[in-house]
Amino acid sequence: MSEKSIAQLMAHRTLDPGDGAVVDVDEFLPLRALLGRAVRKARLLRQAGVGRGTHVALAAGSWTATAVDYLACAWLGAVAVLSDDERLLATVGSPVVRLGQGDEPPHRIRPGPGPRPGPDDPLDVIFSSGTTGVPKPTVSRHGDWDFRPWRPAGRPADRVVHCGVPFGTSTGVHGILLRHLSAGVVSVAARSVAEVPELADRHGCREIVLTPYSLRKLLDRGDHPFARIKTVKVLAGPVHGGLASAAVEAFPNARIFSIYGATELGPAIFTRLVDLGESTALGSPSPGTAARVVDAGRRVCAPGEVGEIEVSHRANGVSAPAPDWIGTGDLGYVDELGCVFLIGRAKEILMLPSGRTTPGDVEERLLEVPSVRDCGVVAIDSTGEWDRLGACIVVEHPAKTAEVRAALASFDPAIAKIAFVSSIPRTALGKPIRSRMWHMLTAAGAQG
């Protein structure tokens with residue numbers, strides 16, 4: 001754990017004109033200018049009464065604008081809350097103020113420096129993705145982010161282009177923004193996969209950070225060599241099989257890393273070097289990270305036995321008699337050597353007579369049924385040998401309901417219950433909220 005806060009680490013940096021910067025929507029903001037704007041914003045916030053411990057809601061805009069607001073909060077010791085959703089803000093447990101839109105403060109305002117936040121002070125509040133329907137606030141401290149696990153592979157003044165990672169996530173703000181600023185690299189934000197090759201060339205980027213979805217879209221373009229790229233980091237999903245092979249071929253001079261983590265896990269991450277072929281191993285844990293696999297009763301599973309992966313993190317590898325284990329919601333197993341393997345989401349694996357599948361696979365097939373506009377699938381009963389499936393269906397027109405029901409009568413796999421709904425409950429990232437669908441399907445009115 002760092003002995004300094006992020007504000008202190010930034011304040012003690014040597015501000016060379018070419019040092020780390022943020023590039024977003026063709027705006028190049030050098031580090032000196034970025035910190036200058038953050039200090040001016042901090043003065044404005046202090047004038048409004050914001051200080052150490054104040055919770056401030058940040059609505060993610062461009063990377064440069066949001067970086068200014070975030071660093072202003074960190075400088076004052078205020079706690080940045082990465083959402084402007086009233087429902088989420090109500091779960092924080094403390095009053096949350098909103099950043100006002102305004103110009104720089106008058107020059108006559110000269111606030112005193114005030115007490116700087118320390119390593120144990122809260123830095124921000126980030127919400128989990130909410131796939132269970134109940135996004136949870138996760139608090140991080142200044143000292144939790146010592147910049148080591150996510151440190152860019154390059155040297156100061158190197159450039160990194162990233163794509164597909166929202167700012168308002170732990171990966172976005174901790175894994176990209178703060179890591180890049182602390183290491184002195186230029187952080188280039190691409191708005192779409194189509195911009196990645198051009199931006200990488202224009203800024204001389206040696207590293208790319210992206211999600212598996214963005215990686216696949218980038219490789220599907222097939223129109224650009226990436227010989228200059230030395231490092232590729234893939235976040236928020238495994239990279240193996242065909243995707244791994246295609247990536248290795250497309251980046252002949254790069255090391256490709258698959259990084260596993262989650263908002264609620266904080267700095268606990270696993271990193272694996274991607275090579276050809278299948279591999280679902282999580283990889284090497286960050287310092288202080290431990291993992292285990294447990295069954296439904298939280299009994300530690302034997303090697304090879306599938307259960308939920310739980311993770312615990314202790315700064316600098318400090319262990320405790322009773323570590324705080326956090327359930328990841330992911331299924332996996334441990335081999336005889338203690339290596340943890342990931343096989344899927346605990347709520348996203350369906351056991352059917354035909355074998356294992358996922359709700360997404362069934363949903364893709366349901367969307368091929370005429371008059372089905374949208375759908376969501378969930379296991380409504382998993383107590384027997386096989387999962388019984390339920391489906392929430394959005395039809396193109398109410399008059400088509402009977403037609404769709406008749407088509408689903410012979411659908412394979414069998415749909416045990418159907419609920420015709422006006423919309424599928426989804427998170428802000430578009431993921432179906434399966435817990436809410438389960439309640440919709442098991443409530444009175446759902447039909448077999």
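For I433, the residues 5 or more places off, or on other chains, whose built amide H falls under 5 Å of its own are R426, T427.
When every Cα-Cα distance of the range 152-291 is counted in 10 angstrom steps from zero, the calculated P(r) takes the values 12, 45, 36, 6, 0 percent. Amide H contacts of V22 (H built 1.01 Å from N, in plane; Pro and chain starts excluded): L29, S187 sit under 5 Å, all sequence-distant by 5 or more or on other chains. Of the peptides 412-418, 121-127, the ranking by mean beta-carbon count within 10 Å, highest at the top, reads 121-127, 412-418.
For the residue pairs K41/K230; K136/K233; K41/K217, the alpha carbons lie more than 32 Å apart in K41/K230; K41/K217. Ranked by the mean number of other Cβ atoms within 10 Å of their residues, highest first, the peptides 251-262, 280-291 come out as 251-262, 280-291.
Computed extension length for H439-A48: 136.3 nm, one decimal, from 0.36 nm per residue of separation with the Cα-Cα distance subtracted.
What's the FRET efficiency of A399 with S62 using the Cβ-Cβ distance as r and R₀ = 60 Å, to the nearest 0.05? Once rounded, the FRET efficiency stands at 0.85. Lys and Arg at +1, Asp and Glu at -1: add these up for the other residues within a Cβ distance under 11 Å of Y70 and post the number. Computed value for this residue: -1. Note on A90 and E198: the extension gain reaches 34.7 nm, defined as 0.36 nm multiplied by sequence separation minus the Cα-Cα distance.
FYI, it's all coordinate maths here, none of it is from the lab. No experiment lies behind these values; they were computed from the predicted model shown. Counting neighbours? That spans all protein chains shown, and the Cβs are built from the backbone with ideal geometry, glycine included.
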